[in-house]
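Beneath this line is the structure, given in structure tokens, with notes to follow.
Taken together, the values in this text are just the output of simple stated rules run on the coordinates, not laboratory data. A quick note: this is a predicted structure, and the numbers were derived from the prediction, not measured. For neighbour counting, all protein chains shown are included, and Cβ atoms are generated from backbone atoms with ideal geometry for every residue, glycine included.
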Amino acid sequence: MSGRSTTGGIFGDLDVQVELDAPIGTDSWFCAGGRADVLLRPADPDTLAEIIRRCRRTETPVRILGEGANLLVSDEGVGGIVIRLDAPPFRSIERNADGEVDLVRIGAGADLSRSLLDLSRSGLAGLETLMGIPASIGGAIRMNAGGRYGAIGDTVHAVACIDAHGEKRVYPASELDFGYRRNNLTDPIVLWAVFKVRQEDPVVLRERIKEIAAYKKSTQPLADKSAGCMFRNPTDPDTGEQVSAGRIIDETGLKGLRVGSASVSEKHANFITIDRGGRADDAIALGDEIIGRVLDARGIELVREVVIWRRSMESEA
């Protein structure tokens with residue numbers, strides 16, 4: 001069901017699309033999981049800010065849905081309000097108008113891979129190291145998405161957010177602290193980000209992107225129903241160095257381990273895949289099993305990189 005109002009008419013006067021009982025789990029990269037009681041698609045940032053203010057007044061929980069690429073939605077679904085920033089104002093790419101292009105502003109709802117390909121066609125380098133990482137710009141900023149070639153925080157010039165009161169705040173790079181899968185942003189919604197870019201030969205840039213994409217394809221189960229790495233790389237308690245979660249899971253003998261419709265990928269042990277028509281709760285349970293077995297075998301407690309949404313936000317991992 002969709003329309004311009006929702007139960008109680010809380011958003012009936014706003015320019016927002018409303019969908020009830022929305023299938024957000026099956027629309028995620030896992031292609032499994034529950035539904036959202038209410039999914040909102042605001043038309044612009046002002047409408048988004050007003051939604052946040054009204055949800056705060058009514059103490060209604062709010063979640064932001066990006067590309068669904070780093071998300072497991074429990075089969076029971078989620079309550080409260082889920083917001084998706086896919087209207088054009090949230091997906092735009094703008095470049096500085098004066099002189100050589102060295103800054104671009106990209107909306108939080110824009111797809112990361114499509115954005116970097118758009119820039120590469122103009123010979124603008126800076127984000128190409130993130131090729132193959134499934135995320136929206138906002139989601140990538142939120143978790144400082146990255147890989148062996150670099151992280152998104154490396155190129156950030158500024159980030160704009162909507163705070164818990166519905167007010168816009170802009171943070172320059174000097175106020176931002178990006179680390180491995182984290183940053184110091186506390187506001188609930190990323191609105192846009194400005195990135196530092198540099199001019200390069202488009203042909204050379206395209207070849208670099210192809211090399212990165214080929215490496216991803218050769219090492220990760222991209223054809224399966226998955227959402228990238230399940231766990232963050234932990235710190236080895238003996239050496240104090242960061243180690244590969246996939247290698248630890250592999251060395252613990254867990255490749256191929258299965259719980260119901262979910263299994264540990266034989267290609268990359270830090271990927272959990274779900275059979276077509278399978279259950280998100282199986283992947284959640286399999287993740288719990290991996291955490292327990294690795295802790296017992298290696299004394300290392302793995303932490304999920306994939307976010308889990310449950311009906312109660314208090315119980316989310």
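Hey, rough spin-label estimate for GLU200 and LEU295, points 7 angstrom out along Cα→Cβ, what's it come to in nanometres?
Simple spin-label model gives 4.2 nm for this pair.
I need the P(r) histogram for segment 91-218: all alpha carbon pairs, bin width 10 Å from 0 out to the longest distance, whole percents.
Binned Cα distances yield the sequence 13, 46, 32, 8, 1.
Net charge around GLY292, counting only other residues with Cβ within less than 14 Å of its Cβ (Lys, Arg = +1; Asp, Glu = -1)?
-1
Hey, if you drop one equal point scatterer on each alpha-carbon of the chain and run the Debye formula without solvent, what base-10 log of I(q)/I(0) do you get at q = 0.11 Å⁻¹?
Values, matching the q order: -0.73.
Under 13 Å from the Cβ of GLY123, count the other residues' Cβ atoms, weight Lys and Arg +1, Asp and Glu -1, and hand me the total.
Residues near GLY123 contribute -2 overall.
Give the lysines reachable from LYS267 as a straight Cα distance under 29 Å; neighbours fewer than 8 places away on the same chain don't count.
LYS210, LYS216, LYS217, LYS225, LYS255
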